[in-house]
Amino acid sequence: MIDVLLFVLGSSLMVLSAVLSLIGAVGFLRFRNFFLRLHSATVGSIGGGVYGLVGLALLTLSLDVPGYLKYYIFGVAIVSAALVVFASPTGSHILSRAAYRSGEAAPRPLIRDKLKEAGLE
Amino acid sequence: MRSRGALEELGLVLSILLGVLLTYYLVRADVVSLTYGNIPLANLYLRAVPDPSSPFTSRSPEVVTSVIWDQRGYDTYFETSVLFIAIIGVLYLAGLGGGQGNSSVSTVIPRVIAKILFPVIVAVSVSVALHGHLTPGGGFQGGSIFAVAPFLYLLVFGRRMLEGKGFRANALVFARSLAVFLITVVGSIVLVVGLLTGVPAFLFQNQPKPQLSPIGYPAYVVLPWGGIFLFSGTLMILNVLEFTAVSTGFTLALVIIDTVTGGRE
Amino acid sequence: MKRLLVVGLSIALVYLVYTGTLSVVEVLIAVGIGLALSRVIGVDLVKDESKLSVRRFFEAVKYALKYFTVIEYLAHYSVVKAILSRDPGLKPAIVEVPYYVNSEIAVVTIANSITNTPGTVVVDVDEKRKKFYVHWIFAEAFEGEEARRGVSAEFEEWAKKIFD
Amino acid sequence: MTPVIILLLSAFSAVMALIATIKIVYERDVLKAIIISGVESLFYSIILASFLAPDLLIAYIAVGLGLNSAILLYALRGGERYEE
Amino acid sequence: MVDPSLLNYVLPVVLGVYGLAYSIYSIVVLRGPTVPDMVLALDVMTVDLIIIYLLIALYYESPMLAIGAIPLASWILLLDFVVAKYLLEVRKK
Amino acid sequence: MIAEALFYLIVFAVGVTIGVSIYGIIVRPHIVKKLVLLTILTDAANVMAVLFGYYLRAISPPVYPGGSLEDFAFPSSAQLREFSSISVDPIPQVLIVTAIVIGLAELIFLSLVAYNIGVNYKTLMINKLEVEEE
């Protein structure tokens, strides 16, 4: 019984997450500026990545396959979900900082810029 | 995009034509084919390498790594030497010295995250290298994964921190040379023993060969608490040595390149 | 000593998960590698040994559960609505958010929590004056306590409980 | 039997790799060319995964995505970024 | 225990949608007007690629194909760091 | 049928990639771009060699799968025959691992050479180099 529950939960998480990943991709096409795209990238990597990995782990745990395959994919999915949670925001942060400071991509539609007012260069 | 001359257009067309011809002959001569199975040579390797009763066995389920270190061991040794010589060349071109230690991408966030990621990468790379004879991977793959960890520290903290952790240039050169030397020793020790005792043996020989040579490395040890520990003769030893050589070599190359290109103002 | 064991065993756990087997030799190798690595860089990871306690660990688990269900759901909902609607109604601004925690890892926890919720991204950190500069897509306030209430107040509460 | 959807994914990746190569040849900004070559190694790594070569896959993600791009970017510091 | 043949209903759908997202991201990478855009799309593409690896491994029922997932996840940020370093330091000259 | 068409499409795309990257190496003047295209040429050739070893019935990588360590150490002959009928060809993969190592070594060396050219001659373009030397 609990297996069926896990299977349904895992597969619905995966489908939800795949749709979120698609929405993130659409956001990339719709937003016109790098600093706006950062947010849709977060949708793509957290909503589309971490939830999908957790769902995949739950789904694998419920299957009737040999143990080494099951627990291996479960462990790999959980550990890589944790790594994505640590690594992906750091990458976004350091990239946006470099883009702002080097002037490679200017945050054009902006109603107020406290960073410029602070004069932190 | 600037306008292209007629000659360049012709060149592009010719190169695409080259690709098309290549594909056509590969498909025509059945080099790439979906319907046939493996060629006999592939079947020979796939059946003989994991099979303990075969004369060409290496007692390892991983066909790729065992072909690399057993059946073509001599070749792989020289390929490692090519990497060694390339890094010596880099050292010669660079001339160590100069270069300031600090880094520009370092706020508090990458500093902490790099510290968290470093042990994960090292653990993964050691696992890849140690199980090269059981699962996909091996010395080279593990070494190139390992090189990412010091590179991360190099990017975030600069060269000083890396030197504080023990990754000094002299130590790296020493470890690398020692590993390459030990690969030679491991490869030739069976030959030396054979010469001394008067039985025939080969360079980079792993398991004993039934009609040709009666000596060789053992394939596994029986553990005192039951069960066996399979290390497939030379395969695991050579993987560990290659892991040392490649990881220190890449770290050295990255440190040198960072020093040379970062030191100029 | 406690630091050595905790860091070493967690590295050994990662090693065992990646290897995928659980024989005696593997466990021995894993513990050996974990202890050796934790001797080299354990000092970097855990500065203050007295903070390693079970209570803080359970607080972290509680925070992770709440973060990945409630907070992420709300943030994703607003950004997905903005992506899919015809007129997004964005008010992007870079706002100044102060923080009041001391340890490095607490700062990083807050910053990564901010970046991981869609809608807010930490662009820069001023470590001397203790300020985050956050690109906020639905900006309501620009500085001081109001901005902090909108962006990071809850994360900071949890980070204080877990790491400070 | 290999599922068709995996082959479809690999075929898409191969075609995108071809397009990326053509774009690299006509790209003026060499920094962009290096990043596109990183993407290209991602495309090829998906082909390697679906054609059952895990040994190469693991060497490839380390070398192609991590080290190659980094080394080329270091080399680019010696001179100008744009190609005339 | 759930019968693995049920996967035949779930996996093609998930793999298809992820493949679609992956293809849109790859088009964005090739098109993206500025350098940071391209690197950002590459990051998200990498996350998608991790899931696709695991799904392929589940499809073939061979754990060896999942071996690339953790290394790939642990240097999503490497290219970001390198490009950021280049942008910040070359501008200074 | 669909599978075969897709497979030949992959072979065609990789083959044309080889041709285009050779064209780029010859025509483009920037040294670093030449190096980028050189890595792409290597990658495409490697992938092409992996395609040689593939066939449609293959579902296993060239690693003998076993549940426990005893299975790894002592496989029977019948199991091996079955394994060799579902595994892909290992020989191209063996050759490619060697090729990747040598390619990386050569890239490290050449990139430092390119950097030194850029520092000493103040440019990385081949055509401007020739003008300066006259």
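Measuring nothing but alpha carbons in the range C:28-164 and taking Rh as the Kirkwood radius, the Rg to Rh ratio lands at 1.06. The modelled label-to-label distance for the pair B:Leu212/C:Arg39, using points 7 Å beyond Cα in the direction of Cβ, is 4.3 nm.
List the residue ranges in chain B for DSSP H helices whose C-alpha atoms run 18 angstrom or more along the long axis and whose Kyte-Doolittle average is 0.5 or above. Going by DSSP H runs, the hits are B:6-28, B:73-94, B:108-130, B:169-197, B:234-262.
What number, rounded to the nearest 500 deg cm²/dmol, is the helix-based mean residue ellipticity at 222 nm of chain A, given -39500 (n - 2.57) per DSSP H run of at least four residues and division by all its residues? Display every interim value, and only then the final one.
Details: 5 runs with 90 residues, N = 121.
-25000 deg cm²/dmol, from helical runs alone.
Take the Cα of B:Tyr92, go 7 Å toward its beta carbon, and the backbone nitrogen atoms of the range F:87-114 under 20 Å from that spot belong to F:102-114.
Label reach from A:Val65 (point 7 Å along Cα→C-beta): in the range E:1-25, amide nitrogens under 20 Å belong to E:1-19. When the pairs C:Lys51/C:Lys130; C:Lys62/C:Lys160; A:Lys116/C:Lys131; B:Lys165/C:Lys51; F:Lys33/F:Lys122 are compared against a 20 Å limit on Cα-Cα distance, C:Lys51/C:Lys130; B:Lys165/C:Lys51 fall above it.
Peptide packing for C:61-67, C:76-82, B:58-64 was compared via the average number of neighbouring C-beta atoms within 10 Å per residue; ordered from the highest value, the list is B:58-64, C:76-82, C:61-67.
Hey, what D do you get for the range A:1-117 in µm²/s if you plug the Kirkwood alpha-carbon radius into Stokes-Einstein at 37 °C and 0.692 mPa s? Spell out each step's value before the answer.
Details: Rh = 16.2 Å.
Calculated translational D: 203 µm²/s.
Using a 10 Å cut-off around each Cβ of peptide A:66-72, what is the average number of partner chain Cβ atoms that fall inside? Mean shielding by partner chains, rounded to a whole number: 6. Label separation (C:Glu140 vs C:Arg86): 2.8 nm, computed from points 7 Å beyond Cα along the C-beta direction. For the pair F:Ile86 and F:Leu129 in one chain, pulling the backbone fully straight at 0.36 nm per residue adds 10.0 nm over the alpha carbon distance.
Cross-link partners for D:Lys32 among the aspartates and glutamates, with Cα-Cα distance under 16 Å and sequence neighbours closer than 8 places in the same chain left out: A:Glu104, D:Glu40, D:Glu80, D:Glu83, D:Glu84, E:Asp37, E:Asp43, E:Asp80. With the biggest extent put first, the Cα atoms of chain E measure 62, 25, 16 Å across the principal axes.
If one computes the Cα centroid of the range C:12-41 and of the range A:97-121, what distance in Å separates the two points? So the separation of the two Cα centres works out to 45 Å. Each part gets one Cα centre, and for the range E:18-88 versus the range C:107-164 those centres are 27 Å apart. Inter-chain neighbour count for B:78-84: the average number of beta-carbon atoms from partner chains within 10 Å of each residue's beta-carbon is 4.
What order do you get for F:Thr123, B:Thr261, B:Thr35 when you list them from fewest to most C-beta neighbours inside 10 Å? All intermediate terms of the calculation are to be shown ahead of the outcome.
Details: F:Thr123 19, B:Thr261 22, B:Thr35 9.
By the 10 Å Cβ count, ascending: B:Thr35, F:Thr123, B:Thr261.
Under Stokes-Einstein, with the Kirkwood radius over Cα pairs as Rh, the value for chain B at 25 °C and 0.890 mPa s is 111 µm²/s. Neighbouring Cβ atoms from other chains, within 10 Å of the Cβ of residues in C:79-89, number 4 on average.
If you plug the beta carbon distance of C:Lys66 and C:Val25 into 1/(1 + (r/R0)^6) with R0 = 51 Å, you get a FRET efficiency near 0.80. Diagonalising the gyration tensor over the Cα atoms of the protein assembly as shown and scaling each eigenvalue by 5 before taking the square root yields semi-axes of 41, 32, 29 Å, largest first.
For a paramagnetic label modelled on C:Glu104 (point 7 Å from Cα along Cα→Cβ), amide N atoms under 13 Å away belong, within the range C:40-60, to C:41-48. Need one word for chain D: rounded, prolate or oblate. Basis is the Cα gyration tensor (sqrt eigenvalues a ≥ b ≥ c); a/c below 1.5 gives rounded, then a/b vs b/c decides. Here chain D falls in the oblate category. A simple charge model with +1 on the Cβ of Lys and Arg, -1 on the Cβ of Asp and Glu and nothing else charged puts the dipole of chain A at about 540 debye relative to its Cα centre. A simple packing score, the average count of other Cβ atoms within 10 Å per residue, orders the peptides F:47-55, B:215-223 as F:47-55, B:215-223, with the highest score first. Using only the Cα atoms of chain F, build the gyration tensor, take square roots of its eigenvalues as a ≥ b ≥ c, and label the shape rounded, prolate or oblate: rounded if a/c is under 1.5, else prolate if a/b is larger than b/c, else oblate. Here chain F falls in the oblate category. Would you give the gap between the C-alpha center of the range B:212-256 and the C-alpha center of the range C:51-92, rounded to a whole Å? About 46 Å separates the Cα centre of the range B:212-256 from the one of the range C:51-92. With both labels modelled 7 Å from their Cα along Cα-to-Cβ, the A:Ala118 to F:Asn120 distance reads 4.6 nm. Considering only B:Leu223, F:Ile31, A:Ile94, the residue lying farthest towards the positive end of the dipole of the protein assembly as shown is A:Ile94, judged by Cα position with unit charges set on Cβ. Counting other Cβ atoms within 10 Å as a rough exposure proxy, the listed residues B:Phe202, B:Phe140, B:Phe181 run B:Phe181, B:Phe202, B:Phe140 from fewest neighbours to most.
How large is the charge dipole for the protein assembly as shown, taken about the Cα centre, if only the Cβ atoms of Lys, Arg (+1) and Asp, Glu (-1) carry charge, to the nearest 20 debye?
1600
Would you mind ranking B:Trp69, B:Trp225 by Cβ crowding within 10 Å, fewest neighbours first? Before the final figure, lay out each step's value.
On the way: B:Trp69 31, B:Trp225 6.
By the 10 Å Cβ count, ascending, the order reads B:Trp225, B:Trp69.
Peptide packing for D:48-59, B:186-197, F:83-94 was compared via the average number of neighbouring C-beta atoms within 10 Å per residue; ordered from the highest value, the list is D:48-59, F:83-94, B:186-197.
Coordinate-derived values only; no laboratory data. What you see is a predicted model; the values in this text were computed from it and never measured. We place every Cβ from the backbone using ideal geometry, glycine too, and count neighbours over all the protein chains shown.
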